[in-house]
Amino acid sequence: MNYLDKQTLLSSAMKALDYLVDIENRKVAPSEEALLNLKAFEESLPDYGYDPLQTIEFLNQFGSPGTMASNGRRYYGFVIGGSNSVSMAANWLATAWDQNAGLGITSPVNATIESVTERWLTELLPVAKESSVGFVTGVTMANFSALAAARSALLQSLDWDVESLGLYGAPRINVVIGEEAHGSLLKALGMLGLGRDRVIRVPSDSNGRMRMDLLPPLNHRTMLCLQAGNVNTGGMDDGSIIRHAKEAGAWVHIDGAFGLWAGASDYKRHLTYGYPLADSWATDAHKWLNVPYDSGLVIVRQGEFLRKAMSMKGDYLDQSGDRIPYQFTPELSRRARAIDIWAAIRSLGKEGINDLITRTCVYAEYLADRLQEAGIEVLNKVETNQVLIAFGSDQETERIIRVLQQEGTSWFSGTQWKGRTAMRISVSNYKTTESDLKLTLDSILLAARKSELILR
Ligand SMILES: Cc1ncc(COP(=O)(O)O)c(C=O)c1O
């Protein structure tokens, strides 16, 4: 292998660019043929390596068609934003740098960019300005890290050092979550020894928001977990309860995987009222900010508890510098994730981010209104960027989702909502335009007409 194989690197970059250009001209889902061709990867372990250039060509030939075009303009599945060009470009450069982001001494540039991005994020998002920010993989790890800090703080106030003593024999703490809490929050609780099922679940309203009138009594042993952005409806928990919860001594955490970004929009900021009073927040840059994957964010008001939970000792681990990145995340060695986020924020600015979040919410409202006018049932109140629709019976809804996925103009995923099968429309790609919405609407309405649903 060449030390610097420019030909392979250039070939890969060119193929990536071709992929990005072609993505709008193909069906969103991979074809049957492309899926069958993935069998090409099932090779035996090579004794002697293949040529690197041929390896990239092979990857492109069989891999690119086998992708889901979720980076395209008409992908509305899950809550998957695309990747904006500047973040991708910064990611490529940072990959060439190959920095180990764990320590300041292994990557001064990463430590500096993390500090700056931390400051920008606390100004942009509805969080406490003095917070510490850790750059983790996604919200599963952001929830895990934030709740590790919560566990540490609550138990410290009960004279128990959980990092040193563990949970056996520890004072009891109570975890209060909404009925609609995301599964990753439960997984985080399980990984932290707090138990997936040892929680008090508060019922939710018709849009999946926690019923604050049904909260149990809160005190200094309570971890209260709110949600900003229900994964189905986009519903945002009401933050006006936070002041009361804090006065009662509870630790308030907000899982704002995508919904926290509503606070960066002039149009939607009111939905995040009270959020900056919480103690910790989890969010992703890979969802609504459209940064490549591996860009979760854990945000903790009293950063010392995040660092207490995440720190470790090692005589060889240099502790110099203003920021020691590994003290903010579960990992020691990792890539310099903050760089992609920094690039997005720097190139969009506050106004660009305001526009991205506002525009996608307005588009979701537009889709919901047009669909409703056409006689299609919209199951949720469109608070943010999510629309839930149903086409008559559960079987028919399932069938139409499959038809639309195969037809390929757009891509939607299905879900269960309040006992019904629903189709989820998540508008979260910065590239989606009004003409895309029209194409999308036409394809949905055509599928509904074919199924003889009565349309106005
Ligand atoms: C509310 C909420 N929490 C957590 C997650 C998990 O995030 P990740 O996939 O980044 O781990 C999601 C994913 O959609 C979510 O919507």
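The values are calculated or read from the model by the stated rules, or taken from the named source; none is laboratory data. All values reported here derive from a predicted model rather than from experimental measurement. No Cβ is skipped: glycine too gets one built from the backbone with ideal geometry, and neighbour counts run over all protein chains shown.
In region 65-80, of all residues being touching a Lys or Arg at 6+ places or on another chain (Cβ under 9 Å) and over 22 Å from ASP442 (Cβ atoms), the one that is farthest from the ligand (Cβ to nearest atom) corresponds to PRO65.
Inspection of region 287-296 finds no residue satisfying the criterion of being β-branched (Val, Ile, Thr) and more than 17 Å from the chain's Cα centre (by Cα).
Conditions (1) farther than 30 Å from ALA111 by Cα; (2) out of contact with any Ser or Thr (no Cβ under 8 Å at 6 or more places or on another chain), marked per residue:
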| site | (1), (2) |
| --- | --- |
| ASP355 | no, yes |
| THR360 | yes, no |
| TYR366 | yes, yes |
| ASN380 | yes, no |
| THR397 | yes, no |
| LEU404 | yes, no |
| ARG424 | yes, no |
| LYS450 | yes, yes |
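Within the set SER393, SER428, the sole residue that is farther than 30 Å from TYR267 by Cβ and outside the structural domain of MET236 (by TED's automatic domain parsing) turns out to be SER393. Residues that are surrounded by fewer than 22 Cβ atoms within 10 Å (Cβ to Cβ) and more than 19 Å from GLY314 (Cβ to Cβ) within region 100-117 comprise PRO108, VAL109, THR112, SER115, VAL116, listed in sequence order. Taken over region 125-139, the criterion of being within 12 Å of the ligand (Cβ to nearest atom) and buried (at least 24 other Cβ atoms within 10 Å of the Cβ) is satisfied by VAL136, VAL139.
Among the residues of region 275-297, those that are of a type outside the set (A, V, I, L, M, F, W, C) and more than 12 Å from the ligand (Cβ to nearest atom) comprise TYR275, PRO276, ASP279, SER280, ASN290, PRO292. Selection of region 30-59 for residues being part of a loop (DSSP other than H, G, I, E, B) and either out of contact with any Gly (no Cβ under 6 Å at 6 or more places or on another chain) or farther than 30 Å from ASP436 by Cα (or both) yields SER31, GLU42, GLU43, SER44, LEU45, PRO46, ASP47, TYR48, GLY49, TYR50, ASP51. Given the condition in the same structural domain as TRP120 (by TED's automatic domain parsing), under 23 Å from the mean Cα position of the chain (by Cα) and part of a helix (DSSP H, G or I), answer yes or no: does some residue in region 190-197 qualify? Yes, there is a match, as at least one residue in region 190-197 is in the same structural domain as TRP120 (by TED's automatic domain parsing), under 23 Å from the mean Cα position of the chain (by Cα) and part of a helix (DSSP H, G or I). The single condition from (1) of a type outside the set (Val, Ile, Thr); (2) within 16 Å of the ligand (Cβ to nearest atom); (3) in contact (Cβ under 8 Å) with a residue 60 or more places away in the chain; (4) crowded, with 23+ Cβ neighbours inside 10 Å that ASN232 fails is (4). If you go through region 298-335 and keep only what is within 21 Å of the chain's Cα centre (by Cα) and of a type in the set (S, T, N, Q), you end up with just THR329. Tell me whether region 319-328 contains one or more residues that are closer than 22 Å to LEU194 by Cβ, of a type in the set (D, E, K, R) and in the same structural domain as ASP161 (by TED's automatic domain parsing). Checked region 319-328: no residue is closer than 22 Å to LEU194 by Cβ, of a type in the set (D, E, K, R) and in the same structural domain as ASP161 (by TED's automatic domain parsing). Within region 176-219, the set of residues being surrounded by fewer than 17 Cβ atoms within 10 Å (Cβ to Cβ), among the aliphatic types (A, V, I, L, M) and within 16 Å of the ligand (Cβ to nearest atom) comprises MET191 only. Scanning region 18-46 for residues that are surrounded by fewer than 11 Cβ atoms within 10 Å (Cβ to Cβ) and under 25 Å from TRP92 (Cα atoms) turns up VAL21, ASN25. In region 328-337, the count of residues that are buried (at least 20 other Cβ atoms within 10 Å of the Cβ), closer than 22 Å to LEU356 by Cα and within 16 Å of the ligand (Cβ to nearest atom) is one or more.
Look at (1) of a type in the set (S, T, N, Q); (2) crowded, with 24+ Cβ neighbours inside 10 Å; (3) closer than 18 Å to ILE357 by Cα and you find that SER280 fails only one, number (3). Taking first residues from region 140-153 that are within 15 Å of the ligand (Cβ to nearest atom) and partners that are part of a helix (DSSP H, G or I), the Cβ contacts under 6 Å between residues at least 6 apart in sequence or on separate chains come to THR140/SER184; ASN143/SER184; ASN143/LEU185; ASN143/ALA188; PHE144/ALA188; PHE144/MET191; LEU147/ALA188. Of the set (1) in contact (Cβ under 8 Å) with a residue 12 or more places away in the chain; (2) part of a loop (DSSP other than H, G, I, E, B); (3) hydrophobic (A, V, I, L, M, F, W, C), all apply to PHE62 but (2).
Has region 339-347 got at least one residue that is farther than 20 Å from VAL109 by Cα and either polar (S, T, N, Q) or at pLDDT below 95 (or both)?
If we filter region 339-347 for residues that are farther than 20 Å from VAL109 by Cα, which is where we start, we get none.
There is no residue in region 339-347 that is farther than 20 Å from VAL109 by Cα and either polar (S, T, N, Q) or at pLDDT below 95 (or both).
Condition first: over 19 Å from ILE299 (Cα atoms), surrounded by fewer than 24 Cβ atoms within 10 Å (Cβ to Cβ) and in contact with a Lys or Arg (Cβ under 8 Å, 6 or more places away or on another chain). Can you find one or more residues in region 259-272 that meet it? No, the conditions are met nowhere in region 259-272.
Restricting SER410, SER426 to residues that are touching a residue at least 40 places away in the same chain (Cβ under 8 Å), in contact with a Lys or Arg (Cβ under 6 Å, 6 or more places away or on another chain) and closer than 30 Å to ALA344 by Cα narrows the list to SER410.
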